[in-house]
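To start, the structure itself, in structure tokens.
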Amino acid sequence: MTKILIPIETASGERRVSATPAAVKKLKGLGCEVFVESSAGELSGFNDTLYKECGGEIVSESNINIWENADVVFCVQTPSDSNLSKLKKGAILLGLLSPYANKKLQNTLISKKISALSMELLPRISRAQSSDVLSSQANIAGYKAVLLAASELDRYFPMLMTAAGTVQPAKVVVLGGGVAGLQAVATAKRLGAIVFVSDIRPAVKEQVESLGARFIELPEIDEKPGESGGYAKAVTPEFLSKQKATLTKYLSEADVAVCTAQVLGKKAPVLIDSHMIEKMRSGAVVIDLAVSQGGNCEGTRSNETVISNGVKLIGAGELPSSVPYDASTLYAKNLTSLITPFIKDGVINLDIEDELISGCLLSDEGVILQNKVFEK
């Protein structure tokens with residue numbers, strides 16, 4: 001019978017948990033044993049009693065035998081080195097493992113002979129939608145980014161007609177029309193703002209306009225940017241320069257900019273530089289969701305607010321953790337959706353020929369299968 005461990009997350013600021021009581025109940029129904037470290041779900045709104053009622057066995061964080069005996073470990077972020085060192089040969093690690101250029105993780109997987117499934121690498125195909133962690137969490141990030149901007153802005157979002165006069169609606173510029181960007185558009189529109197969207201992919205225009213936003217037409221160049229795996233491809237310096245020139249005009253009139261543009265496995269493109277910030281009005285707000293990848297806005301720092309020329313630059317790379325109940329609920333469903341087809345009579349047998357598994361399988365009992373990921 002497969003033993004699955006749901007640990008306490010140890011990364012700074014992480015409030016999510018990798019499995020909810022409902023997920024534990026599902027795994028128990030498939031015949032697995034599920035161990036939950038005490039208080040693992042506390043910050044997400046799930047106490048130990050709820051896990052017990054769903055068949056989970058509550059264990060102490062200091063119980064090293066649980067780590068040594070676990071067949072599978074669900075995680076949100078990579079567990080600490082001390083915990084990984086306790087895992088037995090062939091144990092399966094499943095979660096957001098931040099594998100790109102992560103030589104430390106690579107060495108640990110090899111030395112401990114761990115099998116690791118990195119959810120960042122899940123193929124972006126139709127069959128993978130129910131397991132798409134990046135999309136489920138990006139949705140939350142886009143939503144919360146706009147709420148954060150609204151709370152920090154020095155004016156209303158909607159147009160208000162009052163006895164004292166008419167308040168004009170805020171203008172919001174969203175950079176990037178992926179999952180987070182489209183959710184930011186939808187949320188800003190619900191709050192009554194006028195929304196503009198910039199994206200290097202012309203195909204995004206229809207989606208943007210269907211949500212009531214206005215698409216910013218970028219300058220024509222010979223090489224058309226495209227996308228790979230649901231992410232925009234990297235563009236040339238020439239295109240980036242022309243893009244900035246176009247964006248400067250819109251940003252100079254904007255109250256809020258929400259930055260969501262990322263390139264999978266690479267440094268995020270800088271779309272707002274110091275010169276562009278100088279053109280923005282004092283009191284405007286920039287929310288940078290790409291800050292953990294270097295940032296779309298020059299000068300943003302992770303989990304900090306920096307004032308530049310009167311503009312608030314907010315580095316918000318961990319917004320899903322600020323909505324831990326729903327973020328954990330969706331995340332847990334993503335993980336269980338991926339793994340349950342490979343559970344039979346309480347035993348997990350991964351089919352490495354399956355395209356979902358092969359796509360995100362970093363290592364098989366310590367044998368690295370995706371060296372290029374670690375070299376990026």
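The values are calculated or read from the model by the stated rules, or taken from the named source; none is laboratory data. For clarity, every value in this text was computed on a predicted model and none was experimentally measured. Cβ atoms come from the backbone with ideal geometry, glycine included; neighbour counts cover every protein chain shown.
Which of the residues belonging to segment 277-304 are polar (S, T, N, Q), surrounded by fewer than 16 Cβ atoms within 10 Å (Cβ to Cβ) and not in a loop (DSSP other than H, G, I, E, B)? Quick ask: steps written out before the conclusion?
Kept after step one, since they are polar (S, T, N, Q), are these residues of segment 277-304: 282, 292-293, 296, 300, 302-303.
Filter once more, so that each one left must be surrounded by fewer than 16 Cβ atoms within 10 Å (Cβ to Cβ): 282, 302-303.
Once the filter is applied, which keeps residues that are polar (S, T, N, Q), surrounded by fewer than 16 Cβ atoms within 10 Å (Cβ to Cβ) and not in a loop (DSSP other than H, G, I, E, B), segment 277-304 yields only Ser302.
Is it the case that segment 319-328 has a residue that's out of contact with any helix residue (DSSP H, G or I) (no Cβ under 6 Å at 6 or more places or on another chain) and crowded, with 21+ Cβ neighbours inside 10 Å? Checking segment 319-328: at least one residue is out of contact with any helix residue (DSSP H, G or I) (no Cβ under 6 Å at 6 or more places or on another chain) and crowded, with 21+ Cβ neighbours inside 10 Å.
Note on segment 258-312: residues that are in contact with an Asp or Glu (Cβ under 6 Å, 6 or more places away or on another chain) and either outside the structural domain of Ala138 (by TED's automatic domain parsing) or of a type in the set (A, V, I, L, M) (or both) total 3.
Counting only residues that are among the charged types (D, E, K, R) and outside any helix (DSSP H, G or I), which one in segment 6-44 is nearest to Lys344 (Cα to Cα)? Reasoning before the result, please.
Going residue by residue through segment 6-44, those that are among the charged types (D, E, K, R) are 9, 14-16, 25-26, 28, 33, 37, 42.
Imposing the further condition that a residue be outside any helix (DSSP H, G or I) reduces the set to 9, 14-16, 33, 37.
Numbers: Glu9: 28, Glu14: 32, Arg15: 31, Arg16: 28, Glu33: 13, Glu37: 25 Å.
Among those that are among the charged types (D, E, K, R) and outside any helix (DSSP H, G or I), it is Glu33.
If you go through segment 227-243 and keep only what is within 26 Å of the chain's Cα centre (by Cα), surrounded by fewer than 18 Cβ atoms within 10 Å (Cβ to Cβ) and either part of a helix (DSSP H, G or I) or at pLDDT 80 or above (or both), you end up with just Leu240. Only one of the numbered conditions (1) farther than 21 Å from Ile357 by Cβ; (2) touching a helix residue (DSSP H, G or I) at 6+ places or on another chain (Cβ under 9 Å) is violated by Ser98, and that is (1). One residue alone among Ile114, Ile140 is of a type in the set (Val, Ile, Thr) and farther than 22 Å from Val185 by Cβ, and that residue is Ile114. Summed over segment 168-226, the residues that are modelled with pLDDT under 95 and in contact with a Gly (Cβ under 6 Å, 6 or more places away or on another chain) give a count of 2.
If you go through segment 1-39 and keep only what is surrounded by fewer than 23 Cβ atoms within 10 Å (Cβ to Cβ) and among the hydroxyl-bearing types (Ser, Thr, Tyr), you end up with Thr2, Thr10, Ser12, Ser38, Ser39.
Among the residues of segment 327-362 satisfying the criterion of being assigned to a helix (DSSP H, G or I) and charged (D, E, K, R), which is farthest from Gly142 (Cα to Cα)? Steps first, answer last, please.
Restricting attention to segment 327-362, the residues satisfying the condition of being assigned to a helix (DSSP H, G or I) are 327-342, 355-360.
Keeping just the survivors that are charged (D, E, K, R) gives 333, 355.
Details: Lys333: 20, Glu355: 29 Å.
It comes out as Glu355.
Check Leu264, Leu251, Leu247 and return the single one that is assigned to a loop (DSSP other than H, G, I, E, B) and surrounded by 14 or more Cβ atoms within 10 Å (Cβ to Cβ). When all the criteria are applied, what remains is Leu264. The residues of segment 78-108 that are free of Cβ contacts under 8 Å to residues at least 60 places away in the same chain and at positive phi amount to a single one, Ser98. Each residue in segment 267-276 was checked for being among the aliphatic types (A, V, I, L, M) and either in a loop (DSSP other than H, G, I, E, B) or under 17 Å from Gly142 (Cα atoms) (or both), and 3 pass. Taken as a whole, the structure leaves Phe196 outside the set of residues that are in a loop (DSSP other than H, G, I, E, B), in the same structural domain as Ser252 (by TED's automatic domain parsing), buried (at least 18 other Cβ atoms within 10 Å of the Cβ) and not acidic (Asp, Glu).
Check every one of the helices (runs of 4 or more DSSP H) wholly within segment 70-177 and list those with 2 or more residues that are among the hydrophobic types (A, V, I, L, M, F, W, C) and in the same structural domain as Val263 (by TED's automatic domain parsing). Give the steps one after another, and end with the answer.
Values: elements: 81-84, 103-112, 133-152.
The qualifying helices (runs of 4 or more DSSP H) are 133-152.
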